[in-house]
Amino acid sequence: MITFNKAPFIGAEFGYIQQAVDALKICGDGSFTKKCNAWLEERFGARSALLTTSGTSALEMAAALSGVQAGDEVILPSYTFSSTATAFVGRGARLKFIDIRPDTMNMDEKLIEAAITPKTKAIVPVHYAGVSCEMNTILEIAREHDLVVVEDAAQGVMSTYHGQALGTIGDFGCYSFHETKNYSMGEGGAILVRDEGPVETAEIYREKGTDRSRFFRGQVDKYTWVDWGSSFLPSDMLAAYLWAQLERADEINENRLETWRFYREAFEPLAEAGRIDLQVIPEGCVHNAHMFYVKCRDLADRTQFINHMREHGVQCVFHYVPLHSAPAGLKFGEFVGEDRYTTSESERLVRLPMYYGMDPADRQTVVDAALDYFQRG
Ligand SMILES: *Cc1c(COP(=O)(O)O)cnc(C)c1O
């Protein structure tokens, strides 16, 4: 079976984990964590980048740093992973789901203003498939209404928007290093902080509410409990695993893009013939080949396609049952405006196998099986 994902593995991971163990530094903020943080800051131009235990915990930190409180409202797409929503639910926020654009599956920036009320505190763009939301418009609206922007860039590591790295554009950016993402430490993530102001608070939240980071820098002579916080820092063994991949980030990115382009070329004629729809990459967006998806005609077509692919030894998956219709979505929020695309487009979308180091023969198998299905009509 050609699986839809294989966790990235470069080969240097075990050697670095051994080094972390030998240094007797397996808790958080050891040398590998510091290397990863510094790499993220330099490479992407973030004021501060801090590894976290997951993309979800990065979002939880961002929600806390946004100052969102009970009764505040947060605007986000319904077409996303539960973590985007639950991080804000944890602060007592009410969720205002808006519709997506069918071309990118990202929040439709033109619908944000209609969802703003005096209680609105934050906008949470999700860069689906590593393709950027329309950030210029979103930042403008945020400035005008004094709102915080939290980018869910879980899928967007190494993607850019008009030259700026995703995750560094809004007030806070959240990355995921889950095994299904482009760079992985099994479970992990990072929070990126754009401005100097909240950097110290981010460090405090991440260190169980203590000023331990200041203590380690020699800025205070003992550390103490100063604020809310939790344990958001991963073991240095996991950071060592990630470091092996960050060191080779360009190679991993290029390899994924090569598979993406191979698929794209193979499916372009079907899209031109109107049999399927393909992802749109808007001008100014450079993506990271996080995902390759096609859109079938409808739910029935997609179900048949997935079954066909399985019979040919290829695992294709779909995801995101829209949050607003999920049990927790009904409890914690509501859809604002018309659900024109969220439900219908999500029912058509299917992801093809896509991972670092994919065997060219396997890619060909995927394409052959898919063409066999779609060319039948
Ligand atoms: C993967 C993902 C997350 C969660 O990241 P974890 O590291 O699994 O906690 C959040 N949002 C989006 C859009 C994701 O794809």
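Since every read-out is calculated from the coordinates, none of them should be taken as a lab result. Not measured: the values here are computed from a predicted model. Using ideal geometry, Cβ is built from the backbone for each residue, glycine included, and neighbour counts are taken over all protein chains shown.
Return the loop-located chymotrypsin sites (Phe, Trp or Tyr not before Pro) in the stretch 277-313 (DSSP other than H, G, I, E, B) with at most 16 other Cβ atoms within 10 Å of their own Cβ; answer none if there are none.
On the way: sites: F292, Y293, F305; in loops: F292.
Those that pass, being in a loop and sparsely packed, number zero.
Per-residue ellipticity at 222 nm from helix content only, as computed over the chain with -39500 (n - 2.57) for each DSSP H run of at least four residues, stands at -11500 deg cm²/dmol.
Note on the stretch 2-139: with charges restricted to the Cβ of Lys and Arg (+1) and Asp and Glu (-1), its dipole about the Cα centre is near 220 debye. The dipole here belongs to the stretch 144-261: it is taken about the Cα centre, uses +1 on the Cβ of Lys and Arg and -1 on the Cβ of Asp and Glu, and is about 320 debye.
Across all Cα atoms of the chain, the radius of gyration (one decimal) and Dmax (whole number) stand at 20.9, 73 Å.
Counting only residues at least eight positions apart within a chain, or on another chain, the aspartates and glutamates with an alpha carbon under 13 Å from that of K25 are D236.
Taking GluC sites (Glu not before Pro) as exposed when their DSSP state is a loop state and no more than 12 other Cβ atoms lie within 10 Å, the longest site-free interval of the chain runs over 1-195. Counting only lysines at least 8 places from K121 when in the same chain, those with an alpha carbon closer than 27 Å to its own are K96, K110, K208, K331. Shown here for the stretch 306-377: trypsin sites (Lys or Arg not before Pro) in loop regions (DSSP other than H, G, I, E, B) with at most 14 other Cβ atoms within 10 Å, namely R340, R376. Straight-line cross-link partners of K222 among the aspartates and glutamates, defined as a Cα under 17 Å from its Cα and at least 8 positions apart when in the same chain: E200, E203, E207, D211.
Around E73, what is the net charge, scoring Lys/Arg as +1 and Asp/Glu as -1 over all other residues with Cβ under 12 Å from its Cβ? Net charge in that neighbourhood comes out at +3. Have a look at P234, P269, P353 and tell me which one the Gaussian network model of the chain (Cα, springs below 10 Å) gives the largest fluctuation. Result for the chain, Cα springs under 10 Å: P269 fluctuates most. Place a label point 7 angstrom from the Cα of T3 along the Cα-to-Cβ direction, then list the residues of the stretch 347-372 whose backbone nitrogen is under 19 Å away. Taking a point 7 Å out along Cα→Cβ of T3, the residues of the stretch 347-372 whose backbone N falls under 19 Å are 351-366.
If each residue of separation counts as 0.36 nm, what is the full-extension length gain between T224 and A38 once their alpha-carbon separation is subtracted? Working shown, then result.
Working: separation 186, 0.36 × 186 = 66.96 nm, distance 2.55 nm.
This chain segment gains 64.4 nm when fully extended.
In the elastic network of the chain, a GNM with C-alpha springs shorter than 10 Å, the most mobile of R302, R217, R275 is R217. Loop-located chymotrypsin sites (Phe, Trp or Tyr not before Pro) in the stretch 166-258 (DSSP state other than H, G, I, E, B) with a sparse environment of at most 13 neighbouring Cβ atoms within 10 Å: W228. In this Cβ point-charge picture (+1 for Lys and Arg, -1 for Asp and Glu), the chain has a dipole of about 640 debye about its Cα centre.
With the cut-off at 1.5 for a/c, could you classify the stretch 72-147 from its C-alpha gyration tensor as rounded, prolate or oblate? Please report the intermediate quantities before stating the final value.
Working: a/c = 1.84, a/b = 1.14, b/c = 1.61.
Cα axes put the stretch 72-147 in the oblate bin.
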